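Single-structure report; data block below.
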Amino acid sequence: MSKVIIEAKDIVKTFKRNTVLDSISFKLDKGKIYGFQGRNGSGKTMLLRVLSGLMRPTKGQILINGINMTNQGNFPNNIGVLIEYPGFVPDYTGFKNLKLLSKIQSKISDNDIKKAIESVGLNPDDKKKYKKYSLGMKQRLGIAQAIMEDQQIIMLDEPTNALDRETVKVVENLLFKLKAEGKTILIASHDSETLHAVSDKIFDIDCGRIVGESERNVN
């Protein structure tokens, strides 16, 4: 049985005459962490949007578990995504926000939600409203919503933004735990220190193209 869980075949994304992704191809195996590194505007965030189904490619194919998702009319199944800040309800607590999102699929319990919140270093019983959260707390809640439904593929855009070094370590340990559970994790970031600490393979992206890649020896 193939270990490949995601395959991109000559992915192109254009807006009018502007090419944002230019002939991107790769294969990603199950149970590994992949880093996508590049400066702002390099195309790494757009790549996650296209891979997750939030946007459709102009050309090319995306296969997830062998299924051509570019021919599908909906999102790929079992993918958790954090791209920019999610649209949480300002006057709800962190738990209440995730509870609201969980009702879309109704597949997890309150206890599952609390465990996800705790895993990112937040208190699930905190009565503070989201609008009172610091940037770091908002970022951590965003990561919690991306993992709370036991998704097999997790895509995170700049997950360590606004986090102090201690909290970054919490996130890194969480990523290793998820990997040990067999999850496949894609991280787009300019934080090369974290990418090198956790990634099995890093792709360098510039001007919408993959310009380099390197295997890592990560335990």
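The values are calculated or read from the model by the stated rules, or taken from the named source; none is laboratory data. Predicted, not measured: the structure shown is a model, and the values here were computed from it. Quick reminder, even Gly has a Cβ in these numbers, built from the backbone with ideal geometry, and neighbours come from all protein chains shown.
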Residue that is surrounded by the fewest Cβ atoms within 10 Å (Cβ to Cβ), among those in the range 177-219 that are touching a residue at least 60 places away in the same chain (Cβ under 8 Å), among the hydrophobic types (A, V, I, L, M, F, W, C) and assigned to a helix (DSSP H, G or I): Leu195
Residues of the range 160-170 satisfying the condition of being within 19 Å of Leu47 (Cα to Cα) and either without any contact (Cβ under 8 Å) to a residue 12 or more places away in the chain or touching a Ser or Thr at 6+ places or on another chain (Cβ under 7 Å) (or both): Thr160
Cβ-Cβ under 7 Å pairs, at least 6 apart or on other chains, the range 137-153 side under 16 Å from Pro124 (Cβ atoms) and in contact (Cβ under 8 Å) with a residue 60 or more places away in the chain, far side assigned to a helix (DSSP H, G or I) and of a type in the set (A, V, I, L, M, F, W, C): Ile143/Val171; Gln145/Leu98; Gln145/Leu101; Ile147/Ala116; Ile147/Leu178; Met148/Leu98; Met148/Ile113; Met148/Ala116
Yes/no for Ile5 being out of contact with any helix residue (DSSP H, G or I) (no Cβ under 7 Å at 6 or more places or on another chain), modelled with pLDDT under 90 and either among the aliphatic types (A, V, I, L, M) or closer than 30 Å to Pro124 by Cα (or both): no
Identity of the residue in the range 73-118, in a helix (DSSP H, G or I) and of a type in the set (Gly, Ala, Ser), that ends up nearest to the chain's Cα centre (by Cα): Ala116
